[in-house]
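Working notes for the structure below.
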Amino acid sequence: MGKCKNITRLLSDALDRSLTSGEWLAIRLHLPTCSGCRNYRKQIRLLRAAAHTVSGIESADAAGNGER
Ligand SMILES: [Zn+2]
């Protein structure tokens, strides 16, 4: 089933654009049946949160000590 490819793409698209209700529906129907895609969703969320954290730390460092 090529479905996971679509779902993971939609999940990453959702970070950049609004999905249509049909796209959300496809995700909602698929996620409960597929641990792989649930993990994927968890990971991109973590990555996104981590990106925020890292940029926060970097600017704090820049303001704090002189080391880059
Ligand atoms: Zn899947």
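Ordering 37, 4 by the number of other Cβ atoms within 10 Å of each residue's own Cβ, fewest first, gives 4, 37.
Applying the Karplus relation 6.51 cos²θ - 1.76 cosθ + 1.60 with θ = phi - 60° to region 9-16 yields 3J(HN,Hα) values of 5, 4, 4, 6, 4, 4, 6, 9 Hz, where x marks Gly and Pro. Spin-label model, residue 42/residue 15: points 7 Å from Cα along the beta carbon direction are separated by 1.7 nm.
Once Rh is set to the Kirkwood radius over Cα pairs, what Stokes-Einstein translational diffusion coefficient, in µm²/s, holds for region 3-64 at a temperature of 10 °C and a viscosity of 1.306 mPa s?
Working: Rh = 13.0 Å.
So the translational diffusion coefficient is about 122 µm²/s.
With neighbour counts taken as other beta-carbon atoms within 10 Å, the residues 45, 38, 17 rank, fewest first, as 17, 45, 38. Close amide H pairs (under 5 Å, H built 1.01 Å from N) link residue 19 with no residue at least 5 positions away or on another chain.
Give me the net charge for the shell around residue 7: Cβ to Cβ below 11 angstrom, other residues only, Lys and Arg +1, Asp and Glu -1.
Numbers: positive: 3, 5, 9, 28, 38, 41; negative: 13, 23.
Charge balance in the 11 Å sphere: +4.
Using a simple charge model, +1 on the beta-carbon of Lys and Arg, -1 on the beta-carbon of Asp and Glu, nothing else, what dipole does region 4-52 show about its Cα centre, in debye to the nearest 20?
Working: 9 positive and 3 negative charges, 33 e Å.
Dipole magnitude for region 4-52 comes out near 160 debye.
All of the numbers you see were taken from the coordinates with simple rules; none came from a lab. Please read these numbers as outputs of a predicted model, since none were measured by experiment. Every residue, glycine as well, gets a Cβ built from its backbone with ideal geometry; the counts of neighbours run over all protein chains shown.
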